[in-house]
1. How big is the chain by the Kirkwood estimate over distinct Cα pairs, in Å?
2. Going by how many other Cβ atoms sit within 10 Å of their own, how do Y275, Y76 line up, fewest first?
3. Test of understanding: what is the full-extension gain from V281 to Y151, defined as 0.36 nm times their sequence separation minus their Cα-Cα distance?
4. Could you work out the relative contact order of the range 56-146, using alpha carbon pairs under 8 angstrom and six or more residues apart, expressed as a whole percent?
5. Measuring from label point to label point, each 7 Å out along Cα→Cβ, what is the R42 to S187 span in nm?
6. Sorted from fewest to most neighbouring beta carbons within 10 Å, what does the list S187, S182, S254 look like?
7. Which whole-number percent is the relative contact order of the range 9-96 (Cα, under 8 Å, 6+ apart)?
8. For K143, go through the lysines and keep the ones whose alpha-carbon is under 24 Å away, minus same-chain ones fewer than eight residues off.
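What follows draws every value from the coordinates through simple rules; no lab data is involved. Everything numeric here is computed off the predicted structure, so don't read it as measured data. As a convention, Cβ positions derive from the backbone with ideal geometry for all residues, glycine included, and neighbour counts pool all protein chains shown.
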Amino acid sequence: MLADEKLTQDELEQEDNILAECLVTDNSELIGLSLQEANFRRSFGSFVLAIRREGEIIRRKLAHFILKPFDTLLVYGPKDRINQLANKEGFIVLGKVDGSLDGHPFWWLSLASILTAVTLAIFDIIPIVVGVILGVIALLLSKVITPNEAYSSIHWQVIIVIAAFLPMGAAIQRTGLDIIISDSISSIVNLFPADILPYLLLALIYFITMILTEIASNAATAIIMTPITLSLAANFGFDPKPFIFAVCYAASASFITPVGYQTNLMVFGPGGYRYSDYIKVGLPLGLILWIVSVIMIPMIWPF
């Protein structure tokens, strides 16, 4: 976060500091200026931590953000300076915000709970869902967060995305799409010379798995593609191992949509990302990994 100026530790710890929301009116002298140009910190003795415009929250590069009428500023500063701001023409103080920037004595527990949950899941000690739930319970018991804060932090957008895509894997199997995929791969591969056939089959299996996992989750895709892959390898007389590993990698290395892998969803809501963000970064990364995997997998597990 880039505020108009950095807050020093002494300024953060002042007991009379408060958070307040201030509306920039259409006759404000700050309209058309950035916080840096207006020298907001020195002029008003307060810091702008965030700006809300037409429902969108801006938290980054605030110093260079050009103010417009009816922008709402989240301001942090001494109570008397906030009161002075309320009396100044061009501002309307909407009210004090319930919150503070004081550090909690157990602030480190949030980071420790995440690291512990991930570590235990990596070593297959407990499922990551169980680890995360235990971490939340620890935060509640230590009063790092309250039950209301825990509930309000739920990103319902992520919940809806999960609920919408969970049936996709079952639908693919029940409609016979998995059989269509197997037949299509066989017909395409048979058109090419025998010397490149295993590489082409590997590339197609990886690519199809990569696309499916972006819309049907990695677990559902692996369940669908594994029997298809085993059948194809047996039909062509290849060792199934490299093709199975291709399915495993492609199903897990999901970057193009939020629903392809659990960690994508974990950061989707809190990070304020959009679907387009995943496509812009994830598509090139996915294609690079596709090419690298098709080259490297046969070196480790020959056909």
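1. On the way: mean 1/r = 0.0424 Å⁻¹.
Answer for the chain: a Kirkwood hydrodynamic radius of 23.6 Å.
2. Values: Y275 13, Y76 22.
Ranked by crowding around the Cβ, least crowded first: Y275, Y76.
3. Values: separation 130, 0.36 × 130 = 46.80 nm, distance 3.08 nm.
Answer, rounded to one decimal: 43.7 nm.
4. Numbers: 36 pairs, mean separation 17.6, N = 91.
That works out to 19 percent.
5. 7.4 nm
6. Values: S187 9, S182 17, S254 25.
Ascending Cβ contact count within 10 Å gives the list S187, S182, S254.
7. Values: 161 pairs, mean separation 40.8, N = 88.
Relative contact order comes out at 46 percent.
8. Within reach: K96.
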